[in-house]
Amino acid sequence: MPEIEMPPQYAGSYPDPQDTEGHVRRAVEREAGDRLGLWTTLMLEAVDEFETAANLHIDELEYEHDASYSFSPVLTSFASVAVNSFPPTAAVTSVVSTVMGGIESDYEEKLRTGLSGAKLRLRASVAAFVQASRKKTTEIAPAVLKQLPEIVEDAMTWVDSASTDPEYVGALCDWMGFVLPTRENTVNPVRQALENPFFGIYQAVRAQLLRIQGVAGLDDDELSPVIWEHDAVERERELYRMEGPDAWRSAYEEIR
């Protein structure tokens, strides 16, 4: 059985080392709540950046033919990265999963239908996703906040010596899984979770447009949307491992 990683213990002097008055608990709840707020801001920032980039790439598609596709890979990937942003406790996972579980229906509700042409429909899909994801993201923090008192209380049972010292409070939040959100640990993973499946969809659409237009030297088998989508997802993932965020640009440069 793996050894449980114990929480940080305060090494200095504190008049109430076991926090019988609840001062540390309240300080930890405040800090975790502030981090939740920052997480929300950075999640929305990632979505906004994705929207801008996706629409620019859609504009670069050469032809105005129609094409079929499913936007579900983007929705599923976004829901997954949101759930994985939090500590894997039953209470938090259940709350976040419940909130994100409705993103598909929210997307369908906001999707503008009746459009013809792949470019128009892709832009509509991006717009509907952005609306749905912003709605769901802003619902997560209040839902998790309701669970915080119980989460902090459980964490404190493992602590023998605590303090309201900001460094200690921050360290305890880290141990609980509420790490301080940054661009590196929040924006980049979320953006990649969107860019990767979208590039696959983009290439599947592009294969269909080229097939309809007709490309000398390429038959239908070589313009397979399924194969192009799979290969695009794998290639973009490889580029991200090598280049990090630069992959969001270089993946498209390779297909020009």
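See the values below:
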read-out: Count of residues meeting criterion [surrounded by fewer than 15 Cβ atoms within 10 Å (Cβ to Cβ) and among the basic types (Lys, Arg)] in the stretch 27-71; value: 1
read-out: Boolean, Ala171 is under 21 Å from Phe78 (Cα atoms) and not β-branched (Val, Ile, Thr); value: no
read-out: Residue within the stretch 136-155 that is out of contact with any His (no Cβ under 9 Å at 6 or more places or on another chain), surrounded by fewer than 18 Cβ atoms within 10 Å (Cβ to Cβ) and farther than 17 Å from Gly33 by Cβ present; value: no
read-out: Given (1) closer than 20 Å to Val190 by Cα; (2) hydroxyl-bearing (Ser, Thr, Tyr); (3) more than 16 Å from the chain's Cα centre (by Cα); (4) loosely packed, with under 15 Cβ neighbours inside 10 Å, number of the condition Ser125 does not satisfy; value: (4)
read-out: When residues of the stretch 165-203 are limited to those that are within 12 Å of the chain's Cα centre (by Cα) and among the β-branched types (Val, Ile, Thr), the one surrounded by the fewest Cβ atoms within 10 Å (Cβ to Cβ); value: Val187
read-out: Inter-residue pairs, beta-carbon under 6 Å, first more than 17 Å from Ala171 (Cβ to Cβ) and in the stretch 1-27, second modelled with pLDDT of 70 or more and not in a loop (DSSP other than H, G, I, E, B), 6+ apart; value: none
read-out: Test: residue in the stretch 244-253 that is aromatic (Phe, Trp, Tyr), part of a helix (DSSP H, G or I) and touching a residue at least 12 places away in the same chain (Cβ under 8 Å); value: yes
read-out: Test set (1) among the hydroxyl-bearing types (Ser, Thr, Tyr); (2) buried (at least 19 other Cβ atoms within 10 Å of the Cβ); (3) more than 19 Å from the chain's Cα centre (by Cα) - Ser85 fails condition number; value: (3)
read-out: Unique residue being within 20 Å of the chain's Cα centre (by Cα), of a type in the set (Gly, Ala, Ser) and surrounded by 19 or more Cβ atoms within 10 Å (Cβ to Cβ) when the list is Ala162, Ala132; value: Ala132
read-out: Residue selected from the stretch 62-86 under the condition among the hydrophobic types (A, V, I, L, M, F, W, C) and in a loop (DSSP other than H, G, I, E, B), by the criterion farthest from Arg211 (Cα to Cα); value: Phe86
read-out: Answer from Arg241, Arg211 - the residue that is in a helix (DSSP H, G or I), surrounded by 14 or more Cβ atoms within 10 Å (Cβ to Cβ) and among the charged types (D, E, K, R); value: Arg211
read-out: Single residue of the stretch 88-118 satisfying the filter (surrounded by 18 or more Cβ atoms within 10 Å (Cβ to Cβ) and modelled with pLDDT under 90) that is nearest to Tyr202 (Cα to Cα); value: Val95
read-out: Count of the stretch 87-136 residues which are among the polar types (S, T, N, Q), in a helix (DSSP H, G or I) and farther than 28 Å from Val152 by Cβ; value: 4
read-out: Selection count, the stretch 165-186, where residues are in a loop (DSSP other than H, G, I, E, B) and either basic (Lys, Arg) or more than 21 Å from Gln147 (Cα to Cα) (or both); value: 2
read-out: Residue satisfying condition, being modelled with pLDDT of 95 or more and of a type in the set (A, V, I, L, M, F, W, C), within set Val144, Val152, Val81; value: Val81
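The values are calculated or read from the model by the stated rules, or taken from the named source; none is laboratory data. Keep in mind the model is a prediction, meaning the values are calculated, not measured. Ideal geometry is used to build each Cβ from the backbone, glycine not excepted, and the neighbour counts take in all protein chains shown.
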